[in-house]
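The values are calculated or read from the model by the stated rules, or taken from the named source; none is laboratory data. All values reported here derive from a predicted model rather than from experimental measurement. Backbone-built Cβ (ideal geometry, glycine too); neighbour counts: all protein chains shown.
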Amino acid sequence: MSSATAAFAVEFHHTPLAIPDSAKVTVSLDTYPGLPPRPARGWYYKCANVALARDGSLVACWQLSDEHTSHQSWLMIARSRDSGRTWGDYRTLSHANVDDHQAVWVVPQLGVLRDGRLVIVVDRGQRAPGQNWPMLSDWQKPDRGMSNWIFWSSDHGETWTKGEQVDSIGGEPGYPFELSDGTIAFTRTSSAQTTLLRNPPAPWNDIYYRNEIVFSDDRGKSWTRTAWLADSPFHGDCEVGLAELAPGRLLAASRIGLGNGRFGHPSRLLFSDDAGRTWPRAVPAPFYGQRVHLAKLTSGKLLATFRNVWGTPGTRALVFSPDEAATLGFQPTSHILDESRCSLDADTLTLRTADGRTGAVEFNLYPAQDDRSRVELEATLRVESAAANACAIGAGVWVRFLPDRICLADRPAAGFAFDTRVWHTYRIVRDAGHVTILADGKQMLREPITGIWQREVRFGSRTSAASGREGITHWRAVSAKVTNANDTSIAWSWAPRQGYPDQFRRDRIVVLDIASPADGGYSSWTQLADGRIVILDYTSAPSLESFASGRGRAPIIRAYLVAEKDLTR
């Protein structure tokens, strides 16, 4: 290795920072006092919450059920008196089931107030025998119905009040937290219909999610004041976490609901300068998260924990400064289960890919709003070998690169013979109802996009197929410009001297655990008096092989015991 190449290898990290197994503690049990025997497939969990009580103990809360689509549901409480190393005092806060109550508890969220009170807000969904587990947009309709309920403890979680209903909306409440002026707040999600989306995507089609902040100005006695936090059909913000950066200055982090997040939208960071009454600014977050738990560390920096939504699902963490919140902006991410398939030297990125999820190396850029958005993507690359989708570029339409041919992946007859085994610079432009492909400045193809346009803007391989055929490609430069009318527009460029295309992920996003998409990642965290951090999540934590095959184990509740330095390089 030359000295220049050696220096290059030291400068850029190849793999993301991960938490060692020695920092992980299993919190959940196989058998709980007073509950039925463990189901044959194992208990199912929804959300894990942790808070530091005023007596120094840690209090945890989660939903326990017989399966993901619960028939039986319990709100569970546990406690640790040794900073999260061991857990005990397991008890049931409340029980709801389909047969006896025609309702189930869905997702509890736990918070602690400055006066020492602990508070849980949880949504309750009506579900009679024989009824399905609906999407939120259906569950909130009058013929079904949801509501939010609140439980209080004034003795460090030893005893709790009987739950009281605070609304008839429900909807994925966020954790309750207290502003500097004593106001208590949480967020909730509801849905609305729109005609603004072109080709509105499944599973919600012309229904989108919007998020509302709910306030109590009398220490939790009433919850009558509300404000819209986000109301955008082009994003569908939901599962929103809140933090206060300075008195009256709030930061929110949302999950993107449009198309269930599959187009690659990062989370959004939204800002309020008037204690949450209005939310005039939003920017792309540098992560792709669901149910973000966001708060300040004692160092003054922010810690966000979240379920990773794009790439390999599981629990992730990011430490960043308040000043970075508005400046980090869009950052590419990637779907790479096997990091060894992606390597970088001084002037070339080499991808060794295979069709399907296990062998994919796919870099995600900001998506197009719809078929009217202009997408320009330029790449300098060489195909050593490739078949099917082993080398592909998504520029609002998918373009497939074979050693001797380039074609539209979803219209294979539209293509041309070309030797891609030597270096060429390709430019793909999707605009005015057509896609144009140029090679070294010469137009080679112009084709209507009717019936084949996509929102995705990506490059590398394409994960949709699963033939198992492999490919090797080399990349020297990629740039993209996406111009959206009602959504964020980006201009992004990359060259090997900058590191990997997803270098931010490798440098800053910490892997806590890997989990199947539906079985993990909804997390919570708190900081102890000595500065240590305790993160709780529910995770199925399978191997990569079981994740790729869909054969992960039943989820568990897990604690991660870390210091702030463990979450940064």
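Structure values in brief
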| read-out | value |
| --- | --- |
| In the stretch 180-206, the residues that are in contact with a Lys or Arg (Cβ under 8 Å, 6 or more places away or on another chain), exposed (fewer than 14 other Cβ atoms within 10 Å of the Cβ) and not in a loop (DSSP other than H, G, I, E, B) | ALA192 |
| Enumeration of residues in the stretch 180-209 that are on the phi > 0 side of the Ramachandran plot and without any contact (Cβ under 8 Å) to a residue 24 or more places away in the chain | ASN205 |
| Search result, residues across the stretch 330-342 that are out of contact with any Pro (no Cβ under 6 Å at 6 or more places or on another chain) and closer than 16 Å to PHE504 by Cα | THR333, SER334, HIS335, ILE336, GLU339, CYS342 |
| Segments classed as strands (runs of 3 or more DSSP E), wholly inside the stretch 210-271, with at least 2 members that are surrounded by 20 or more Cβ atoms within 10 Å (Cβ to Cβ), in contact (Cβ under 8 Å) with a residue 12 or more places away in the chain and among the small types (Gly, Ala, Ser) | 237-246, 249-256 |
| Residue that is surrounded by the fewest Cβ atoms within 10 Å (Cβ to Cβ) [pool: residues in the stretch 528-551 that are in contact with an Asp or Glu (Cβ under 8 Å, 6 or more places away or on another chain), modelled with pLDDT of 55 or more and at negative phi] | ILE533 |
| Total residues in the stretch 306-349, condition under 14 Å from the mean Cα position of the chain (by Cα), assigned to a strand (DSSP E or B), under 22 Å from LEU242 (Cα atoms) and of a type outside the set (D, E, K, R) | 6 |
| Looking only at the stretch 423-448, and only at residues there that are among the hydrophobic types (A, V, I, L, M, F, W, C) and more than 23 Å from ALA387 (Cα to Cα), the one that is surrounded by the most Cβ atoms within 10 Å (Cβ to Cβ) | VAL429 |
| Residue check, VAL98 within 27 Å of the chain's Cα centre (by Cα) and not acidic (Asp, Glu) | no |
| Qualifying positions in the stretch 357-381 - more than 25 Å from ARG198 (Cβ to Cβ), out of contact with any helix residue (DSSP H, G or I) (no Cβ under 8 Å at 6 or more places or on another chain) and surrounded by fewer than 20 Cβ atoms within 10 Å (Cβ to Cβ) | GLU378, THR380 |
| Filtered residues of the stretch 402-417 (kept if farther than 22 Å from VAL482 by Cβ and out of contact with any Asp or Glu (no Cβ under 7 Å at 6 or more places or on another chain)) | LEU402, PRO403, ARG405, CYS407, PRO412, ALA413, GLY415, PHE416 |
| Cross-chain or 6+ apart pairs with Cβ under 8 Å, the stretch 82-99 first and in contact (Cβ under 8 Å) with a residue 40 or more places away in the chain, then in a loop (DSSP other than H, G, I, E, B) and surrounded by 19 or more Cβ atoms within 10 Å (Cβ to Cβ) | TRP87/VAL27; LEU93/TRP160; SER94/GLY163 |
| Breaking point among (1) in contact with an Asp or Glu (Cβ under 9 Å, 6 or more places away or on another chain); (2) of a type outside the set (Phe, Trp, Tyr); (3) modelled with pLDDT of 95 or more; (4) over 28 Å from VAL562 (Cα atoms), for PRO108 | (4) |
| Unique residue being in contact with an Asp or Glu (Cβ under 7 Å, 6 or more places away or on another chain) and farther than 21 Å from CYS47 by Cα when the list is LEU113, LEU136, LEU196, LEU179 | LEU179 |
| Among the candidates ALA252, ALA202, residue that is among the hydrophobic types (A, V, I, L, M, F, W, C) and within 30 Å of GLU164 (Cα to Cα) | ALA252 |
| Entirely in the stretch 360-445, the strands (runs of 3 or more DSSP E) that have 3 or more residues that are of a type in the set (D, E, K, R) | 374-385, 424-431 |
| The lone exception for ALA518 - which of (1) surrounded by fewer than 19 Cβ atoms within 10 Å (Cβ to Cβ); (2) of a type outside the set (Phe, Trp, Tyr); (3) at pLDDT 95 or above it fails | (3) |
| THR298 among the hydroxyl-bearing types (Ser, Thr, Tyr), assigned to a strand (DSSP E or B) and under 25 Å from ASP537 (Cβ atoms) | no |
| Filtered residues of the stretch 308-323 (kept if touching a Leu at 6+ places or on another chain (Cβ under 8 Å), touching a residue at least 24 places away in the same chain (Cβ under 8 Å) and at negative phi) | THR312, THR315, ARG316, ALA317, LEU318, VAL319, PHE320, PRO322 |
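Yes or no, residue by residue, for (1) within 30 Å of the chain's Cα centre (by Cα); (2) farther than 27 Å from SER334 by Cβ; (3) modelled with pLDDT of 90 or more:
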| residue | (1), (2), (3) |
| --- | --- |
| ALA9 | yes, no, no |
| ILE19 | yes, no, yes |
| ALA23 | yes, no, yes |
| ARG41 | yes, yes, no |
| VAL50 | yes, yes, yes |
| ARG54 | no, yes, yes |
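Rundown of residues vs (1) under 17 Å from ILE150 (Cβ atoms); (2) under 26 Å from the mean Cα position of the chain (by Cα), yes/no style:
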| position | (1), (2) |
| --- | --- |
| ALA185 | yes, yes |
| SER191 | no, yes |
| LEU196 | no, yes |
| ILE207 | no, yes |
| GLU212 | yes, yes |
| ASP217 | yes, no |
| LYS221 | yes, no |
| ARG225 | yes, no |
